[in-house]
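Data block below; observations after.
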Amino acid sequence: MNTLHTFVDGLVGPIVASPLRKRGMREELLGHLRETTAEGEAAGLSPGAAASAAIARLGEPSALRQSLQDSVPGVERWLFWSMIARRDEESDLRYAARLTSFLGSILLVVMLMPVVAGVLAAGLFRGYDAAVAVLLKVLPILMTGFVFASLIIFVAQWLDLRMQRCIAAQRRLASVLHGLLFVASISILCHAMANAMLHVVRDTFLHGLQADVYLATLGIAMLCLVGVSVDGWHRWQRARGAA
Amino acid sequence: MDAIQRDELRGHLETLVLSVLGTGEMHGYEVLRRLCLRGEGMLEMKEGSLYPVLYRLEAAGHIRGRWESEHAVRRGPRRRVYRLTASGTRELDARRDRWRAFVRILNPIVEHGA
């Protein structure tokens with residue numbers, strides 16, 4: 001069944017679409033191939049021959065990939081092409097930089113949300129001067145945090161790309177090393193973000209949320225760690241299966 | 001008689017899929033199986049071409065897909081089950097009308113010449 005997995009991964013991998021849509025395509029095509037393979041085996045073919053026949057029946061891969069790509073709505077294609085999809089011949093560093101600019105803009109919006117809330121609250125309840133005071137206190141922290149966070153995200157992205165390459169090449173030690181460095185960089189980022197958020201909420205009218213903010217940030221960090229571990233393990237198993 | 005090649009099917013595949021789904025909800029593999037069955041083995045199409053058609057029809061709102069229940073008694077990847085929507089039913093009716101008109105006009109020409 002690894003042949004089928006590898007084929008479907010190679011087919012759907014380069015398609016520019018949301019991860020959710022691509023996962024659906026993978027699962028559906030894999031299900032189809034498995035049923036066709038089972039049909040071939042029932043007809044007396046060996047498992048390998050049945051899998052090859054099932055893949056051949058699916059059609060020419062590049063034409064199928066193009067049809068699948070064309071079925072992705074234009075807006076989604078544009079969004080994921082311009083922001084996330086890797087271009088041909090793009091280096092790890094360049095790709096990491098582009099991903100950082102995308103994630104950085106999301107981070108900026110997330111970081112600005114409590115500030116906007118604080119400024120609005122100050123403006124509503126205490127007037128214009130209080131709102132300006134809140135902005136002056138919070139913005140320097142926020143901007144420093146944003147630059148720092150962007151730098152860490154860039155390093156983490158680059159480490160993640162390196163880790164994926166090492167996993168694909170079955171270099172166990174290098175994979176684990178890059179994975180650990182990746183997790184370390186994410187941990188530093190989460191810790192820094194939690195502290196920055198604490199400063200922000202302390203300086204606004206959201207004092208009551210301090211503990212919640214810290215817990216939520218820690219929760220995100222833990223989710224990242226679990227996600228990276230599971231993803232790394234999954235990729236490793238795939239790479240082993242394909243080898 | 002020669003098999004009907006996929007180039008000849010192009011442009012009709014969406015109608016065929018809508019028509020098959022008009023008989024009830026089913027997953028992609030079943031749609032294909034029924035097409036082959038009703039085509040008496042004469043429809044020569046690449047199986048993969050079904051899925052982009054399903055995705056396009058779903059994006060247009062003519063069919064709706066849902067992942068088969070996790071509790072379904074079978075192993076392996078989940079299957080996506082498709083059914084016709086109200087818009088799909090209207091689209092199918094319109095396509096059938098167009099098909100009848102197409103056959104009505106072209107058939108005498110093909111059979112007896114212009």
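The values are calculated or read from the model by the stated rules, or taken from the named source; none is laboratory data. Keep in mind the model is a prediction, meaning the values are calculated, not measured. Quick reminder, even Gly has a Cβ in these numbers, built from the backbone with ideal geometry, and neighbours come from all protein chains shown.
For the reader, a short list of remarks on this structure follows.
- Here residue B:24 fulfils each of the conditions (1) more than 13 Å from chain A (Cβ to nearest Cβ); (2) surrounded by 14 or more Cβ atoms within 10 Å (Cβ to Cβ); (3) modelled with pLDDT of 90 or more apart from (2).
- Any hit, region A:4-12, residues being in contact with a helix residue (DSSP H, G or I) (Cβ under 6 Å, 6 or more places away or on another chain), β-branched (Val, Ile, Thr), closer than 21 Å to residue A:168 by Cβ and at pLDDT 90 or above: yes
Residues are listed down the side, and each one gets a yes or a no for (1) within 14 Å of chain B (Cβ to nearest Cβ); (2) among the small types (Gly, Ala, Ser):
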| site | (1), (2) |
| --- | --- |
| A:57 | yes, no |
| A:65 | yes, no |
| A:71 | yes, yes |
| A:76 | yes, no |
| A:81 | no, no |
| A:98 | no, no |
| A:112 | no, no |
| A:120 | no, no |
| A:136 | no, no |
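- Enumeration of residues in region A:30-49 that are more than 14 Å from every other protein chain (Cβ to nearest Cβ), assigned to a helix (DSSP H, G or I) and without any contact (Cβ under 8 Å) to a residue 40 or more places away in the chain: A:47, A:49
- The single condition among (1) at pLDDT below 90; (2) facing chain A (nearest Cβ under 10 Å) that residue B:52 does not meet is (1).
- Residues that are outside any helix (DSSP H, G or I), of a type outside the set (Asp, Glu) and modelled with pLDDT under 90, drawn from region A:72-88: A:73, A:84, A:85, A:86, A:87
- Filter result for residue A:203 (crowded, with 16+ Cβ neighbours inside 10 Å, at pLDDT below 70 and among the charged types (D, E, K, R)): yes
- Count of region B:35-45 residues which are surrounded by 16 or more Cβ atoms within 10 Å (Cβ to Cβ) and either more than 25 Å from residue B:97 (Cβ to Cβ) or more than 9 Å from chain A (Cβ to nearest Cβ) (or both): 2
- Residue list for region A:162-176, filter: out of contact with any Cys (no Cβ under 8 Å at 6 or more places or on another chain), of a type in the set (A, V, I, L, M, F, W, C) and assigned to a helix (DSSP H, G or I): A:163, A:166, A:167, A:168, A:173, A:176
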